[in-house]
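Structure, as structure tokens:
The values are calculated or read from the model by the stated rules, or taken from the named source; none is laboratory data. In this text the structure is predicted, and so the values were computed from the model without any measurement. All Cβ positions, even for glycine, are placed from backbone atoms using ideal geometry, and neighbour counts span all protein chains on display. For the accessible areas, the whole protein counts, side chains as well, though only heavy atoms, and no ligand, DNA or RNA atoms are used. Shrake-Rupley method; radii C 1.70, N 1.55, O 1.52, S 1.80 Å.
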Amino acid sequence: MAKLTKKQKEALSKLEKNKIYSLDEASALVKEVNTAKFDASVDLAVRLGVDPRKANQMVRGVVSLPHGTGKDVKVLALVTPDKEAEAKEAGADYVGLDEYLQKIKDGWTDVDVIVTMPAVMGKLGPLGRVLGPRGLMPNPKSGTVTMEIGKAVAEVKAGKIDFKVDKYGIIHAGIGKVSFDAAKIRENAVELIQTLIKLKPTASKGTYVKSIYLSSTMSPGIAIDTKSVN
């Protein structure tokens with residue numbers, strides 16, 4: 001077992017062993033137990049009572065966090081010339097088409113989100129092996145394949161994130177930074193959890209939200225009482 005540092009021991013000492021905290025308590029504690037010297041990300045992990053191997057129990061979607069993620073999201077807009085001005089005005093970091101398709105083909109993936117148009121998706125298909133594993137392939141369900149390019153770019157920049165349950169039935173998402181007020185962390189967490197509850201598959205039986213943990217980069221996870229989220 002890895003030896004704990006002095007800071008890690010100090011952080012753990014602020015958490016009661018086996019205690020389940022309310023979301024209000026956890027949102028404040030996650031700031032206190034942070035050990036990183038930088039503005040660490042705050043992450044939420046929600047274990048769902050679903051079997052992701054079954055198509056009718058897959059949980060994926062998008063949510064617009066009321067206070068954003070605190071991260072400067074780099075957006076690439078792959079669009080035809082008539083949509084370039086709209087994408088730039090909305091704040092896209094990179095705008096173009098063929099030159100960026102070639103860059104991606106050559107291995108460039110230094111972006112967080114790609115927004116494109118339905119007519120361009122055919123050109124992106126061959127790049128699936130590069131974009132897919134990195135979670136960068138645009139998808140109509142996440143609103144990143146649309147004719148409303150400006151709106152899509154603006155929403156991503158403002159804090160719209162997409163999520164997908166992993167093979168263990170867990171949703172992982174960054175919902176802010178430790179520099180956020182505890183109230184903002186809580187409100188972002190509530191928005192995501194309530195969105196997950198609305199997406200409960202009809203095929204899911206028994207307890208749907210099994211556990212919730214809040215943590216920051218390099219710091220211990222805080223167990224949250226699922227009943228405290230409202």
Burial order of peptide ranges 216-224, 46-54 (average beta-carbon count within 10 Å, highest first): 216-224, 46-54
Solvent exposure of the chain as accessible area per residue, Å², 1.4 Å probe: 54
Carbon + sulfur, % of accessible area of the range 75-158 - ligands and nucleic acids excluded, 1.4 Å: 52
Residues of the range 187-230 with amide N under 18 Å of the 7 Å Cα→Cβ point at residue 53: 203-205
For the chain, with +1 on Lys and Arg beta carbons and -1 on Asp and Glu, the positive-most of 229, 137, 159 along the dipole: 229
The range 75-158 - Debye-derived log10 I(q)/I(0), Cα point model, q = 0.23, 0.26 Å⁻¹: -1.11, -1.45
Under 27 Å from residue 83, Cα to Cα: lysines that are on another chain or at least 8 residues apart: 71, 74, 103, 105, 123, 141, 151, 157, 160
Rotationally averaged projected area of the range 110-188 (alpha carbon convex hull; nm²): 6.9
Rounded to 10°, Cα long-axis angle of helix 149-158 versus longest principal axis of the chain: 20
Evaluated over the chain, the Cα radius of gyration and Dmax, each in Å: 19.4, 58
